[in-house]
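Shown next, in C-alpha cells, is the structure this report addresses.
The values are calculated or read from the model by the stated rules, or taken from the named source; none is laboratory data. Every value quoted in this text rests on a predicted model; they were computed, and no experiment measured them. Counting neighbours? That spans all protein chains shown, and the Cβs are built from the backbone with ideal geometry, glycine included.
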Amino acid sequence: MKTLGDRRKWTDDDLCSAMKNNHSWRGVARALGLKDTSAGVIRTLKRHAGRLGLGAAHFTGQRLWSDDRLREAVPSASSWAEVLIAIDVIDNGANRARIKGHAIRLGLDFTHLKSPREAAAEGDLFNQPARLEELRYAASSVAMAWFRLRGCAVALPVEPQEYDLLVTTAKGVQRVQVKSCSARNGRGYWDVGIGRRPYTLDKTASKMPYDPETIDLFFILLGDGSIYVIPSSVLAGKVSISADGYSAYRVGDASSLL
C-alpha cells in the first residue's frame, strides 16, 4: 500500500511480483520501470523488500546458480568438485575461488569438503583423474614438448612478453602464444578465448586481440586433448574462436595425458 507522501509509482504488490519473477535487484528495478544502474534505487528496493519480509535467496545476478542451490549442494557433497558439478559450474581455479568465497559469505560449513591433495592422499596419486582446471597451467609445458619432439628448440622469454614461447623452426624463430579451453560450452562447442587484457589497472576491461605482428602462432590445447597450431594471420582481429571451425589446423592429440 502507498502511504501519504510516498512518491513511488509502484505498489508493494508490484514489488512482490517483481521479486518473484526476477533473479537480480537490477532485474527488479527494470520490472518496476526504474533505473537499474542507480545505487540509490537498489537501496530503496532492498529497504522496502526488508519491510515486507521478501527474500532474495533465489537471486543469481550474473550467476547461473542461486544461494539456495549452493546451500543444498555443499552439505551433500564430499569435495568442491562435486559442489561445482551440482550447481552446473565449470570446475576451474577461478570458479572454485568464487564459490568458496560465496559459501563463506553465506556462512556455510564446508569443513567436510576434501581438497584435491586430501582426496589424492587416500589412494594412489597417479590413479586420480586429470583436473581440467589445471589445463591452463599445463598447456605451456605440453606446447614445449610438442615443438621439441619435432626438432624445434624452445625458449622462454626472460621478460614478460605478449608471446609465451620462442620456437626455432626452419622458417626462423616463431613467437608462440599458448591458449587452452577446458570444457565445451552449453551448445557443445569449444569456445577458446584468444584475446588479451590491455595493460591497465582496470581488470574488468574488455579483452583485445593480439597484434598479428607480435605473435606468429597460436598453440591451443583443448580439454579433450586436441592440439591446434594456428598462424596469427588466420586469427587476426579475433578475441575468441570456436575451435570446431579450425579442424584444418588440428595437429595432434594429447588425450592420454588427460
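The residue of region 88-119 that is modelled with the lowest pLDDT, among those that are over 22 Å from the mean Cα position of the chain (by Cα) and part of a helix (DSSP H, G or I), is ALA119. Residues that are free of Cβ contacts under 8 Å to residues at least 60 places away in the same chain and charged (D, E, K, R), at least 1 per element: which strands (runs of 3 or more DSSP E) completely within region 212-258 meet that? Those strands (runs of 3 or more DSSP E) span 250-253. Number of residues in region 160-192 that are in contact (Cβ under 8 Å) with a residue 12 or more places away in the chain, outside any loop (DSSP other than H, G, I, E, B) and not charged (D, E, K, R): the value is 12.
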